1. Any residue that is among the β-branched types (V, I, T), closer than 30 Å to L93 by Cβ and part of a helix (DSSP H, G or I) - is there at least one of those in the range 30-39?
2. Among the residues of the range 1-22, how many are within 23 Å of the chain's Cα centre (by Cα) and surrounded by 10 or more Cβ atoms within 10 Å (Cβ to Cβ)?
3. Being hydrophobic (A, V, I, L, M, F, W, C) and outside any loop (DSSP other than H, G, I, E, B) is the filter; apply it to the range 68-93 and report the residue that is modelled with the lowest pLDDT.
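The values are calculated or read from the model by the stated rules, or taken from the named source; none is laboratory data. What you see is a predicted model; the values in this text were computed from it and never measured. Neighbour counts are summed over all protein chains in view; Cβ atoms, including those assigned to glycine, are modelled from backbone coordinates with ideal geometry.
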Amino acid sequence: MDVRKIANLAHLEITDDEVALYTPQMADIVKYVEQLNELDTDSVEPMLGGLTVEGASTDTMRMDEPRGSFTPEEALGEAPSGVAGHFQVPKVL
């Protein structure tokens, strides 16, 4: 487990002590999640949401049919700030 690489991808500074602390913790997390690979899911039908907490189907509000996209002007029309045809958002770095 390369904790330094993960920290770098997350733009985090990390000390040698933190690397020593987090390396075994990350390895344990990955090992735990990898247990899912051991489950036999051959008889489980794939699905994407659509159920309530109680397991009942949800009501469909409209048919899922293709329709036209917004023009760039329409998409940016309600945006607080647009620059050169793109959405302008605050920096997060």
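1. Within the range 30-39, one or more residues are among the β-branched types (V, I, T), closer than 30 Å to L93 by Cβ and part of a helix (DSSP H, G or I).
2. 9
3. In the first step, residues of the range 68-93 are kept if they are hydrophobic (A, V, I, L, M, F, W, C); the result is 70, 75-76, 79, 83-84, 87, 89, 92-93.
Next cut, outside any loop (DSSP other than H, G, I, E, B) only: 75-76, 83, 87.
Details: A75: 87, L76: 87, V83: 83, F87: 86.
For the range 68-93, the residue satisfying everything is V83.
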